[in-house]
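Right, one structure below, let's go through it.
The values are calculated or read from the model by the stated rules, or taken from the named source; none is laboratory data. Note that the structure is a prediction, hence the values are computed from the model and not measured. As a convention, Cβ positions derive from the backbone with ideal geometry for all residues, glycine included, and neighbour counts pool all protein chains shown.
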């Protein structure tokens with residue numbers, strides 16, 4: 001009788017957990033499919049694989065989540081819609097942009113204006129700042145997950161990557177997750193980072209030196225067509241097309257850059 005009771009309880013728990021998991025997946029899928037993201041953003045899903053990427057990182061509405069330097073908000077539109085009404089989603093932007101000041105200031109202003117004007121579609125977003133020393137202001141041991149998409153080359157170029165990754169470590173709870181997507185250089189490259197591309201082995205070692213441990217990595221965002229030898233770097237490819245009309249059809253056929261997708265845990 002006790003054994004039968006155990007089986008019944010196990011099956012009830014199993015189905016409840018699976019139903020909850022299904023609800024979570026439906027919410028993430030709906031956030032990705034949200035037409036309010038706009039056609040241009042949705043078109044890039046085939047390169048950026050947001051559903052698979054966010055599932056790989058283990059995004060959950062119960063988590064305190066921080067997206068670092070969201071740019072124009074491509075990922076923010078998805079995450080904020082998924083996290084809507086939880087009061088758990090934050091973004092971190094530069095307090096005073098230390099490089100490309102004019103353009104970054106403009107992008108950040110447009111970012112906040114957009115999300116203030118679209119609260120019904122995406123929900124309210126909390127924010128914090130990154131100071132001139134590349135440190136997050138406040139929120140020590142607070143976040144369950146920090147995500148940064150295609151930003152690491154800028155941290156390295158500014159010679160501030162150690163500072164910001166240490167700050168991420170300080171802001172995460174013990175066992176918290178750091179998710180990184182970054183343009184990937186060839187492992188045989190003579191450089192560790194250059195023109196937007198970063199060598200994967202170098203970056204893993206670099207982040208682990210700041211107190212993290214690599215949990216797993218994925219080829220979700222790999223692109224073997226990316227030849228990575230462009231004069232103007234990664235920005236030659238879509239969506240930037242820095243060469244304008246020159247070789248545009250070639251770069252379109254290549255698609256967006258080859259990217260590493262890395263999941264770290266705070267030790």
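Listed values, structure above:
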{"item": "Qualifying position, being free of Cβ contacts under 8 Å to residues at least 24 places away in the same chain and within 30 Å of residue 88 (Cα to Cα), among 138, 211, 175", "result": "138"}
{"item": "Failed criterion for residue 245 (all others in (1) under 20 Å from the mean Cα position of the chain (by Cα); (2) free of Cβ contacts under 8 Å to residues at least 40 places away in the same chain; (3) assigned to a loop (DSSP other than H, G, I, E, B) hold)", "result": "(1)"}
{"item": "Those residues of segment 136-160 which are in contact with a helix residue (DSSP H, G or I) (Cβ under 7 Å, 6 or more places away or on another chain), surrounded by 13 or more Cβ atoms within 10 Å (Cβ to Cβ) and farther than 14 Å from residue 67 by Cα, in sequence order", "result": "155"}
{"item": "Residue count, segment 108-121 (criterion: under 25 Å from residue 171 (Cα atoms) and surrounded by 14 or more Cβ atoms within 10 Å (Cβ to Cβ))", "result": "4"}
{"item": "Condition met for residue 59 (modelled with pLDDT of 95 or more, assigned to a helix (DSSP H, G or I) and within 18 Å of residue 150 (Cβ to Cβ))", "result": "no"}
{"item": "Residue ID - farthest from residue 184 (Cα to Cα), chosen from residues in segment 205-237 that are in a loop (DSSP other than H, G, I, E, B) and within 18 Å of the chain's Cα centre (by Cα)", "result": "220"}
{"item": "Those residues of segment 74-110 which are out of contact with any strand residue (DSSP E or B) (no Cβ under 9 Å at 6 or more places or on another chain) and on the phi > 0 side of the Ramachandran plot, in sequence order", "result": "85, 100"}
{"item": "Residue match in segment 172-182 (condition: modelled with pLDDT of 95 or more, out of contact with any strand residue (DSSP E or B) (no Cβ under 7 Å at 6 or more places or on another chain) and under 24 Å from residue 57 (Cβ atoms))", "result": "no"}
{"item": "Residue 140 being at pLDDT 95 or above and out of contact with any strand residue (DSSP E or B) (no Cβ under 9 Å at 6 or more places or on another chain)", "result": "yes"}
{"item": "Residue match in segment 218-231 (condition: surrounded by 14 or more Cβ atoms within 10 Å (Cβ to Cβ) and under 17 Å from residue 71 (Cβ atoms))", "result": "yes"}
